[in-house]
Amino acid sequence: VLRHWHSLLEKGGGLYLTIFIPFAELEGELKEGEWYPDHEGKLEDGREIRLDTRHRIDPAAQVLEREHRYFFATNPGNFHESRQRLRWFTHEQMQRLLEDAGFEVREAFVDFDPDSPAASARPQDFDGILTYQAVAR
């Protein structure tokens with residue numbers, strides 16, 4: 001994907017990319033295989049909506065699988081279900097992938113804060129959000 005995006009850019013063209021590391025799942029803050037309330041909201045007509053999630057994680061493969069159930073609070077038995085399979089990368093891995101695809105990383109920071117460089121961030125000091133600004137070489 002990164003090579004394809006590179007092919008769409010002229011030399012010096014930019015890429016701004018945000019990824020995440022699922023620390024809550026990795027550290028056991030969310031129990032694997034159990035449904036938990038994820039988000040709540042309210043529609044314009046006043047109806048309350050909810051999202052429940054459960055996950056499975058394979059730290060060695062760096063893969064997170066999530067199942068989501070979307071439903072009205074008054075009718076939790078009638079839900080829409082979706083699934084995600086996500087692969088995450090460490091800062092070092094993402095930097096290498098970008099460079100191998102022909103990009104030069106100009107900036108890499110955590111938690112949407114340009115004043116918090118990714119290279120010096122310790123996992124316990126950020127929420128797992130990594131942002132890269134890179135240009136095509």
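The values are calculated or read from the model by the stated rules, or taken from the named source; none is laboratory data. Remember, predicted model here, so these are calculated numbers, not experimental data. With ideal geometry, Cβ positions are generated from the backbone for all residues, glycine too; neighbour counts draw on all protein chains shown. Accessible surface areas use protein heavy atoms only, side chains included; no ligands, DNA or RNA. Shrake-Rupley method; radii C 1.70, N 1.55, O 1.52, S 1.80 Å.
Observations on the structure shown:
- Applying the criterion of at least 1 residues that are among the hydrophobic types (A, V, I, L, M, F, W, C) and out of contact with any helix residue (DSSP H, G or I) (no Cβ under 7 Å at 6 or more places or on another chain) to the strands (runs of 3 or more DSSP E) found wholly in region 1-58 leaves 14-20, 48-58.
- Screening region 118-137 for residues that are of a type in the set (Gly, Ala, Ser) and not in a helix (DSSP H, G or I) and picking the one that is farthest from Glu67 (Cα to Cα) gives Ala136.
- Exclusive hit being β-branched (Val, Ile, Thr) and open to solvent by 80 Å² or more (accessible area, probe 1.4 Å), set Val105, Val1, Val110: Val1
- With respect to the conditions (1) touching a residue at least 12 places away in the same chain (Cβ under 8 Å); (2) within 24 Å of Thr18 (Cβ to Cβ); (3) open to solvent by 40 Å² or more (accessible area, probe 1.4 Å); (4) more than 17 Å from the chain's Cα centre (by Cα), Arg83 lacks only one, and its number is (4).
- Answer from Pro76, Pro59 - the residue that is in contact with a Lys or Arg (Cβ under 8 Å, 6 or more places away or on another chain) and open to solvent by 70 Å² or more (accessible area, probe 1.4 Å): Pro76
- Glu99 being open to solvent by 70 Å² or more (accessible area, probe 1.4 Å) and closer than 27 Å to Gln133 by Cα: yes
- Residue count, region 101-134 (criterion: out of contact with any Leu (no Cβ under 8 Å at 6 or more places or on another chain) and either among the β-branched types (Val, Ile, Thr) or over 16 Å from Gly14 (Cβ atoms) (or both)): 18
- Residues within region 41-87 that are closer than 20 Å to Lys31 by Cβ and touching a Gly at 6+ places or on another chain (Cβ under 9 Å), tallied: 5
- Pairing residues of region 55-80 that are hydroxyl-bearing (Ser, Thr, Tyr) with residues that are not in a strand (DSSP E or B), at Cβ distances under 9 Å and at least 6 apart in sequence or on separate chains, gives Thr74/Arg47.
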